[in-house]
Amino acid sequence: MPIRTVDPKVLHRWVNEGGATLIDVREPVEYRGENIPGAMLVPLATVSKETMPDHAGKKLVVHCQSGKRAEAVAKKLLEQNPDLEIYNLEGGIAAWKNAGLATNKAGGFFLPLDRQVQLAIGLCVLTGSLLGYYATPAFFMLSGFFGLGLMFAGITGWCGLAMLMARMPWNRMSGPTCKP
């Protein structure tokens, strides 16, 4: 069954009319940096039909940064309950902002998880290349390892480094949880 999608403007209307429960499946640091008003945080790693808030009589809508993670969540929830009425916000929070809709923003600097992963991989590839050139060619294997990891993530959609980075202290939510 194909995943249903919803346009940001339509979702905005649903939320304003009280007809939708909006779930943000990004990581806590991403939610803390910027979120859609009224969205509840249920990070991707914790999503199951048991962790979903009560949405009786409302449409259940999931979203992430661009729609990819939320699509995976929708598939997972539909496997657990094929009768579930679930929607993926088309284009995620990025499309929401492009539609001119308001978001809650945190003060201070915030680096999204995907950019943290890109930065870490770039640093490791550069380090492996420099050490391979200046120290011993065996260090080129470090660059190859991270290249292989990127290929694996691209093929499977699973990125171990992203999961590890999400558990780092600076990516942890401090204070009260955003879960319902």
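No value in this document is a laboratory result; all are computed from the given coordinates. The shown structure was predicted, so the numbers you read here are calculated from the model rather than taken from an experiment. We place every Cβ from the backbone using ideal geometry, glycine too, and count neighbours over all the protein chains shown.
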>> Report the number of Lys pairs in the chain whose alpha-carbons are under 14 Å apart, with separation of 8 or more residues or on distinct chains.
In response: 6
>> Restricting to DSSP loop positions (anything but H, G, I, E, B) with no more than 15 other Cβ atoms inside 10 Å of their own Cβ, which trypsin sites (Lys or Arg not before Pro) remain in the stretch 1-55?
In response: Lys49
> How big is the C-alpha Rg of the chain next to the rule-of-thumb value 2.2 N^0.38 Å, as a ratio?
Replying inline: 1.18
> What's the angle, to the nearest 10 degrees (0 to 90), between helix 68-80's Cα axis and the longest principal axis of the chain?
Replying inline: 60 degrees
>> Using DSSP to call loops (not H, G, I, E or B), can you name the GluC sites (Glu not before Pro) in the stretch 1-51 whose Cβ has at most 13 other Cβ atoms within 10 angstrom?
In response: Glu17, Glu50
> In the stretch 78-180, which trypsin sites (Lys or Arg not before Pro) are in a loop and have at most 14 other Cβ atoms within 10 Å, using DSSP for the loop call?
Replying inline: Arg167, Arg172
